[in-house]
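A quick write-up on the structure given underneath.
The values are calculated or read from the model by the stated rules, or taken from the named source; none is laboratory data. Remember, it's a predicted structure, so these values are computed and weren't measured experimentally. With ideal geometry, Cβ positions are generated from the backbone for all residues, glycine too; neighbour counts draw on all protein chains shown.
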Amino acid sequence: MISIDDAETHFKRGGFTFDGYEWRLELPCSSRDSQPDWLEELSAMRGRIIYDQGHRPAFRQTDGRFADPDPVDALSFHVTARASGNLVGCARLLKCADAHTNWTESLLGARRLEHILNTLNSATGMAGESGRWIVAPEHRGRRVGRYLMAGVYATAHWLGLRTILGWSGTHERQDRAFMSMGWQPVDGFGTFPAPQFDDEVRLMYFDLTRVKRVQVELSNQMSQVLELSQPAGCLAAGV
Ligand SMILES: CC(C)(COP(=O)(O)OP(=O)(O)OC[C@H]1O[C@@H](n2cnc3c(N)ncnc32)[C@H](O)[C@@H]1OP(=O)(O)O)[C@@H](O)C(=O)NCCC(=O)NCCS
């Protein structure tokens, strides 16, 4: 399994144009002295999109700037897409073992989280949490979202994880989008209110040991695009 320090060593920095977009994997940056510029840019882009023309007012600051600052960002891996240099899409992956806390653990508690992972044939040390899967409205419906998530699967596989957990919105049927990519709801859970997003979210999981062929192909493509060396070989179809 790759640690954050190992990741710095193994990772040949990406930034490759593919299908008209530039794709990049940003590594956790919590140990650096200053915040990298891309983190502020990411927060502004997410804030603008989540704000959604006033639908979620908390994402606009009093000075008029958009922001979605989240301490979890500095601990996470981020797959990003750019068009003409501008950030237009993102998705992040947090290794549960590297997190001081993660949203899932803070909601459910460490023991319940471990129990859930055990029933999924996994454990905290083999799990990640994915979130903030966002594509700018003018770039939606062009598979940017699919490639971003395939980049997350490739990164998770590269890190040696078995399971990815994620909280999906339901009001705009995002849980359907997740299901179309092979995610499944965790049994025994209803939805949780997420007032900051004006949504109700559902706990879902993605099993990296049972990946559909189409996702395997996209993920392996993204691991090349992101230039991830593959310590455990390419992801292989499990179903
Ligand atoms: C969800 C989102 C990231 C998808 O980005 P995108 O670039 O349009 O996605 P793609 O074109 O790659 O499509 C991905 C798949 O999800 C499906 N999908 C996307 N949005 C959907 C929605 N609201 N409801 C149902 N399915 C959806 C697509 O149909 C596609 O599935 P298919 O290939 O089987 O048809 C984008 O709509 C977005 O940023 N939404 C707002 C933020 C958000 O809700 N993020 C999810 C966090 S829970």
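Observations on the structure shown:
- Any chance Ser122 is at negative phi and within 10 Å of the ligand (Cβ to nearest atom): no
- In summary, Thr170 fulfils each of the numbered conditions (1) near the ligand (Cβ under 8 Å from one of its atoms); (2) hydroxyl-bearing (Ser, Thr, Tyr); (3) in contact with a strand residue (DSSP E or B) (Cβ under 8 Å, 6 or more places away or on another chain); (4) over 25 Å from Gly125 (Cβ atoms) with the single exception of condition (1).
- Of the criteria (1) farther than 19 Å from Ser76 by Cβ; (2) within 12 Å of the ligand (Cβ to nearest atom), which one Met149 fails: (1)
- When residues in segment 125-155 are screened for being touching a Cys at 6+ places or on another chain (Cβ under 9 Å) and either at positive phi or not in a helix (DSSP H, G or I) (or both), 7 of them pass.
- Hey, Arg132 at pLDDT 95 or above and more than 16 Å from the ligand (Cβ to nearest atom) or not: no
Conditions tested, residue by residue: (1) touching a helix residue (DSSP H, G or I) at 6+ places or on another chain (Cβ under 9 Å); (2) among the basic types (Lys, Arg); (3) surrounded by fewer than 16 Cβ atoms within 10 Å (Cβ to Cβ).
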position	(1), (2), (3)
Gln35	yes, no, yes
Ser43	yes, no, no
Gly54	no, no, yes
Ala74	yes, no, yes
Ser84	no, no, yes
Ile116	yes, no, no
Gly125	yes, no, yes
Ser130	yes, no, no
Ala136	yes, no, no
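- Contact map, segment 64-84: residues that are free of Cβ contacts under 8 Å to residues at least 24 places away in the same chain paired with residues that are among the aromatic types (Phe, Trp, Tyr) and not in a loop (DSSP other than H, G, I, E, B), Cβ distance under 9 Å, separation 6+ or inter-chain. Pairs shown: Phe66/Tyr51; Phe66/Phe59.
- Residue in segment 98-108 that is over 26 Å from Val214 (Cα atoms), aliphatic (A, V, I, L, M), touching a strand residue (DSSP E or B) at 6+ places or on another chain (Cβ under 8 Å) and within 16 Å of the ligand (Cβ to nearest atom) present: yes
- With a requirement of 3 or more residues that are modelled with pLDDT of 90 or more and within 19 Å of Ala154 (Cβ to Cβ), the strands (runs of 3 or more DSSP E) lying completely within segment 12-90 that satisfy it span 21-26, 77-83.
- Residue in segment 159-172 that is more than 16 Å from the chain's Cα centre (by Cα), buried (at least 19 other Cβ atoms within 10 Å of the Cβ) and within 24 Å of Leu108 (Cα to Cα) present: no
- Qualifying residue in segment 156-164 (condition: touching a residue at least 24 places away in the same chain (Cβ under 8 Å), on the phi < 0 side of the Ramachandran plot and within 9 Å of the ligand (Cβ to nearest atom)): no
- Yes/no for Ile116 being more than 16 Å from the ligand (Cβ to nearest atom), in contact (Cβ under 8 Å) with a residue 60 or more places away in the chain, at negative phi and aliphatic (A, V, I, L, M): yes
- Here is the figure for segment 22-58: residues that are within 12 Å of Ile134 (Cα to Cα) and of a type in the set (Gly, Ala, Ser) total 2.
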